[in-house]
Amino acid sequence: MKIRVRFLLDFIKIFGQNTMEVRVPPNGKVSDLIDVLFDSDEKRGYIFSENNYLKGHFLLNGVNILGLDGLQTLLKEDDEVVIMPNMSGG
Amino acid sequence: MFAYNGKILFVNLSTGEIEPRELDESLYRQFIGCLGLGIRIIYENTKPGFDPLGPDSMLGFSVGPLTGSGLHGARFAITGKSPMTGGWGDANCGGSFAVYFKNAGYDGVFFTGISEKPVYLFIKNGVAELRDASHLWGKDVYQTEEAIKQELEDSRVRICSIGPPGERLAYCAAVMHDQSAAGRSGLAAVMGSKRLKAFVVQGSNKVPVADPERLAQLRKTFLQGVKNVQHPWGQALRDYGTPIFFDALIPPGSTPIKNFAVQGEEAFPDYALCKADEFMKYRTRRHACLGCPIACKGWLELKDSKYGSISGTIPEYETITMFGSDCLVSDLAAVVKANDLCNQYGLDTIEVGATVAFAIECYENGLIDDKDTGGIELKWGNADALVAVVEKIARREGFGDVLADGVKVAADRIGKGSEKYAMHSGGQALPAHDPRGDVGLGWGYCCDATPGRHTANHVKHSHDCKVAFTLSDRLNFPDLDPLDVDANAGINAVCSAVDRVITSAGLCFFAMWTEQLPLIEAIAAVTGWDFTLEECIKTGRRIDALRQAFNIREGVDTTEWKMPERVAAVPTDGPMKGKKLQFDRMKLKGYEAMGWDPKTGKPLASTIDELGLRELVDDL
């Protein structure tokens, strides 16, 4: 199934584009999407800390996946996932 | 002694007496400088229970050992008793004042008393004099700066001043310098209560450092680090300044929208009109605090807007949020105008923005009406109303007088159950970071001696975000779930201590995201001390504990400082849907880890002894 991915800030540079359509298997999860997009150790380093905590925000249709089922959150056709880094300042 | 002038000034504004006092190096070593020096001097030299706006109140200005070192040290602290919280207050500010202040020959100036007529203090290369400011009283900050430069016939003097809101003791007021603000804690009202219009410095005597070669080496590495910065936050600051955080923090829900009621892009799609790129269209030049290679600030020119042509600083993230998304205003010109009004009159954009958002919610819910507001239609997103009400606050005019002392006092004045719309902790408005999103800052909201501060807990927040920061490789904290309160409390205590040392040294938090900031090594190089990481942490804990001891001494029950109900709740929609934070437990475990009694917030006797504070803190 087709998932729309929107990158923000650093991830635009990493992927060289603002948006992308990604195909994941039917009944795919966020983790499947991550496997497709972050397909090298270098890329996985952008989103996972040493103990595999997410370093960035993954928003599924506007909701952070941490408030859903995390990486196990199920996706459905035409979902939008926003991927962006953690950031803060004053 | 290196890196310090070794002396401070006490200025009694009631008598006009100016008394220099030499300080022992051991005091500097225990408290470093800036806010550390401020709490040390003020704790010792004030009597418990004093009125923050009375003659016994002491107001400090101070600098640190890295001020003027060429290593990003351009911040100074203003310290005293906060009229907003009734406890400890500090604020800090960049620009160039700190360097000129230190070069003028003093590490701190502490004002007491109340002058019979308005005055300003002028220090030039070690010589201090109080000068009449009667002719400046009532003038705004821009006019004041211009007039002082003219009468001193020196366009290069550096000035901290207050405008009419500070003179009229508005808690929303800020002490201004170079269109930057030392805004939090209501200390501009303390300055106004003393009839101290300005503090002016001119200095050219650079303070020697212990090991100039080592410092030059560290500086070279640091500057190279900034030039080639890979750290995402460092890059963002260098390229855009803080407005980029508006782009970055709206989507995950960290940026307050509609008085902290909602979160995320869908809650305020028009936020795109105030994204960083929009402000950059009007940027005329980048601007840096003196000696800072990052240069996160900028100037803009907005020609022929509906509020006229405006030339001034680009609003910071805090300002864009508090006047923008928090009031549902997406009109860039209105945000720029409101910011400019605050700079002109001397107002804290955070407290003012929070108070306007509160007032809008009161208006929308019928607690106040046009009669109360003087005809201003205070509706969500009404840009003209925002500008109009900020101007009223600046003048303490009509409804502006109701709002001028910040969100807590405004709620007390309006009554009718309006407290539930007042987003504050302990009397001070929450800044532009929802603690459910920026959890590290939330630890500061819960545990710091000054509640609701965006400059209190950036080290912990950096750790939570899993990004590198100065010392992160040496602190080597375990990689944890940021929401695990018990596991994070000890880390927060250490992070808080490091925060205090960064600020007390005269540095800016933004320097720590360049990966090359040699905090410990630089303090050692300038002072000649065998300063270690362990000493750094213990020193920071000492400063934290004494600030908190001040709160306890002044009778403030900090355990009563709570998150507003709305902010403490679990979001039912938006990006943070379902995210639950245990703020009460963060306070409890946070205090415990800091060596404070979790039930009372009082630093434990063992903590007082361990930190060498017994002699000073014998009155708790």
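Key figures
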item: Residue match in the stretch B:424-446 (condition: crowded, with 20+ Cβ neighbours inside 10 Å, more than 18 Å from the chain's Cα centre (by Cα) and under 24 Å from B:Ile502 (Cβ atoms)); result: yes
item: Single residue of the stretch B:546-579 satisfying the filter (within 14 Å of chain A (Cβ to nearest Cβ) and free of Cβ contacts under 8 Å to residues at least 24 places away in the same chain) that is surrounded by the most Cβ atoms within 10 Å (Cβ to Cβ); result: B:Lys577
item: Set B:Thr572, B:Thr503, B:Thr539, B:Thr532: member being polar (S, T, N, Q), within 26 Å of B:Ser62 (Cα to Cα) and over 23 Å from the mean Cα position of the chain (by Cα); result: B:Thr532
item: Of all residues in the stretch A:57-86 being farther than 20 Å from A:Gln17 by Cβ and in contact with a helix residue (DSSP H, G or I) (Cβ under 6 Å, 6 or more places away or on another chain), the one that is nearest to the other protein chains (Cβ to nearest Cβ); result: A:Gly62
item: Flag for A:Val5 being outside any loop (DSSP other than H, G, I, E, B), touching a strand residue (DSSP E or B) at 6+ places or on another chain (Cβ under 8 Å), of a type outside the set (Phe, Trp, Tyr) and within 17 Å of A:Pro85 (Cβ to Cβ); result: yes
item: B:Gly398 being touching a Cys at 6+ places or on another chain (Cβ under 9 Å) and surrounded by fewer than 22 Cβ atoms within 10 Å (Cβ to Cβ); result: no
item: Checklist (1) surrounded by 22 or more Cβ atoms within 10 Å (Cβ to Cβ); (2) within 13 Å of another protein chain (Cβ to nearest Cβ); (3) assigned to a loop (DSSP other than H, G, I, E, B) applied to B:Lys460, failing item; result: (3)
item: Matching entry among B:Gly113, B:Gly126 (being at pLDDT 95 or above, closer than 30 Å to B:Met1 by Cβ, in contact with a Ser or Thr (Cβ under 7 Å, 6 or more places away or on another chain) and among the small types (Gly, Ala, Ser)); result: B:Gly113
item: Residues of the stretch B:402-441 classified as assigned to a loop (DSSP other than H, G, I, E, B) and either over 20 Å from B:Leu249 (Cβ atoms) or away from chain A (no Cβ under 14 Å) (or both), total; result: 9
item: Any hit, the stretch B:259-276, residues being within 30 Å of B:Ile520 (Cβ to Cβ) and outside the structural domain of B:His177 (by TED's automatic domain parsing); result: no
item: A:Leu54 being facing another protein chain (nearest Cβ under 10 Å) and either at pLDDT 90 or above or surrounded by 15 or more Cβ atoms within 10 Å (Cβ to Cβ) (or both); result: yes
item: Of all residues in the stretch A:6-43 being within 14 Å of another protein chain (Cβ to nearest Cβ) and in contact with a helix residue (DSSP H, G or I) (Cβ under 7 Å, 6 or more places away or on another chain), the one that is surrounded by the fewest Cβ atoms within 10 Å (Cβ to Cβ); result: A:Asn18
item: So B:Leu386, is it on the phi < 0 side of the Ramachandran plot and either in contact with a Gly (Cβ under 7 Å, 6 or more places away or on another chain) or assigned to a loop (DSSP other than H, G, I, E, B) (or both); result: no
item: Helices (runs of 4 or more DSSP H) fully within the stretch B:506-620 counting 3 or more residues that are under 30 Å from B:Lys102 (Cβ atoms); result: B:519-527, B:533-553
item: Single condition B:Arg474 does not satisfy, out of (1) in a helix (DSSP H, G or I); (2) modelled with pLDDT under 95; (3) buried (at least 20 other Cβ atoms within 10 Å of the Cβ); result: (3)
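The values are calculated or read from the model by the stated rules, or taken from the named source; none is laboratory data. Remember, it's a predicted structure, so these values are computed and weren't measured experimentally. Reconstructed Cβ throughout: ideal geometry from the backbone, glycine too, with neighbour counts over all protein chains shown.
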